[in-house]
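Since the structure comes first, as structure tokens, the remarks are kept for the end.
The values are calculated or read from the model by the stated rules, or taken from the named source; none is laboratory data. Remember, it's a predicted structure, so these values are computed and weren't measured experimentally. Methodologically, a virtual Cβ is constructed for each residue, glycine included, from the backbone with ideal geometry; neighbour enumeration extends over all protein chains shown. These area figures cover heavy atoms from the full protein model, side chains too; ligands, DNA and RNA do not enter into them. Shrake-Rupley method; radii C 1.70, N 1.55, O 1.52, S 1.80 Å.
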Amino acid sequence: MKKLAVLIPTYNSAQYLKESIDSILNQTYSNFDLYLYDDCSTDNSKEIIESYADRRIFYRKNHQNLGISKTLNRGFDELLSQYQFIARMDADDWAFPERFEKQIGYLEANKSTILCGTQGFWLKDMTENPLSGWKYPIRNNYLKLYLLFGASFGHSSIVLRSDFFISKHLKYDEDIKTCEDWDLWIKVSRNGEVHNLSDFLMKYRIVHTSNHRLADNKNIHLKERADIISNYWKTFNINLSPEQVFEYYYSSDENMRHDFENKLQIIIDSFNKLFLNHAKDLKKEDRSKFQYLLARKIYDFWKRSNVSRYTPLIWFILLTKVKFICAVRLINSQFK
């Protein structure tokens, strides 16, 4: 079995494609093949790809426009059985030269880890080289909880173990239009260990034409998120419907004010149960971050409801019902 296949889906990304391909070809780890799956681009993507003479590059073109999930699954169907590891990359992103060397090194040294991501910078100008940036969680136990609130991995940054995906029959859900990665990471985390390196090894290009940023997809994106998250809450024996998740996480509807105290009590009870039953194995640093994250989620829900910040009853509920964080940190979290 070969070592590593890099899977890049592309659709009309010609203006960024060369930068992305070059960043892969310039890796310090060179034992890989690069597969580009063209989802019927109408620009000159094919010409750009075929201009390379590198024998590690393989071009595939879909017979019709399939969308991201089906295109990625086509890649899985071809590559999982041939390669020990599969790396993801998007056609408009850029990888630092040490990315594969560090990820393959980690996976070789940690056989129980089945999916490994990295940190990355989210940039409109890819020539920028920030000194620091926002970071995804690193450790498995925290990642499994964090997936209730965020996708937790840069899609372009992950490397996965093929044999595990084959044994568990894991693929992207082709019915999901905008959150196919988040859904898959949850499925993976339910079955094995996941990890993010602390190293910043990716640059993610912020473009308005990204699948989930398209105006036509915005509502679909949020509703798909709510469905995925609602289903994942059940893993922790907590039932929040997709409608509840949508309201607690995303809505700014005027109806949020209706019965707000009861809604607040439900989310507090859910957070208390989640933390008290499932956060005991977190490292001290992660436990503190998770407490603050939950408190800020309450703040965000309260803010979007437009219920006054100075309502005594709300403060009474918070200070008497919240069990996952001390009162001082809770109060501070609501005003930062």
Sole exception among (1) under 18 Å from Asp93 (Cα atoms); (2) open to solvent by 40 Å² or more (accessible area, probe 1.4 Å) for Asn141, by number: (1)
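Where residues in the stretch 144-182 are part of a helix (DSSP H, G or I) and open to solvent by 20 Å² or more (accessible area, probe 1.4 Å), which of them is nearest to Arg296 (Cα to Cα)? First the steps, then the outcome.
Keep residues of the stretch 144-182 that are part of a helix (DSSP H, G or I), which gives 144-146, 155-157, 162-167, 180-182.
From the residues that got through so far, the ones that are open to solvent by 20 Å² or more (accessible area, probe 1.4 Å) too are 144, 146, 155, 163-164, 166-167, 181.
Details: Lys144: 19, Tyr146: 13, His155: 25, Asp163: 39, Phe164: 36, Ile166: 38, Ser167: 38, Asp181: 25 Å.
Among residues in the stretch 144-182 that are part of a helix (DSSP H, G or I) and open to solvent by 20 Å² or more (accessible area, probe 1.4 Å), the one nearest to Arg296 (Cα to Cα) is Tyr146.
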Filter result (among the charged types (D, E, K, R) and over 13 Å from Ile228 (Cα atoms)) within the stretch 168-185: Lys168, Lys171, Glu174
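Within the stretch 122-138, which residues are in a strand (DSSP E or B) and open to solvent by less than 20 Å² (accessible area, probe 1.4 Å)? Give the derivation first.
Quick first cut of the stretch 122-138, residues in a strand (DSSP E or B) only: 122-123.
Within the stretch 122-138, just Leu123 meets the criteria.
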The stretch 288-336, residues that are surrounded by 12 or more Cβ atoms within 10 Å (Cβ to Cβ) and small (Gly, Ala, Ser): Ser288, Ala295, Ser305, Ser333
In the stretch 92-133, the residues that are of a type in the set (Asp, Glu) and touching a Leu at 6+ places or on another chain (Cβ under 7 Å): Glu98
Residue pairs meeting the criteria (Cβ under 7 Å; at least 6 apart or on separate chains; first polar (S, T, N, Q), in the stretch 246-257; second open to solvent by less than 40 Å² (accessible area, probe 1.4 Å)): Ser251/Arg304; Ser252/Arg304
Residue that is farthest from Leu107 (Cα to Cα), among those in the stretch 1-58 that are surrounded by fewer than 14 Cβ atoms within 10 Å (Cβ to Cβ) and of a type in the set (A, V, I, L, M, F, W, C): Ala53
Residues that are hydroxyl-bearing (Ser, Thr, Tyr) and open to solvent by less than 80 Å² (accessible area, probe 1.4 Å), drawn from the stretch 220-264: Ser230, Tyr232, Thr235, Ser241, Tyr248, Tyr249, Tyr250, Ser251
Hey, Asn211 assigned to a helix (DSSP H, G or I) and modelled with pLDDT under 95 or not: no
Inter-residue pairs, beta-carbon under 8 Å, first within 20 Å of Lys284 (Cα to Cα) and in the stretch 306-332, second part of a loop (DSSP other than H, G, I, E, B), 6+ apart: Phe324/Ala279; Leu330/Val322
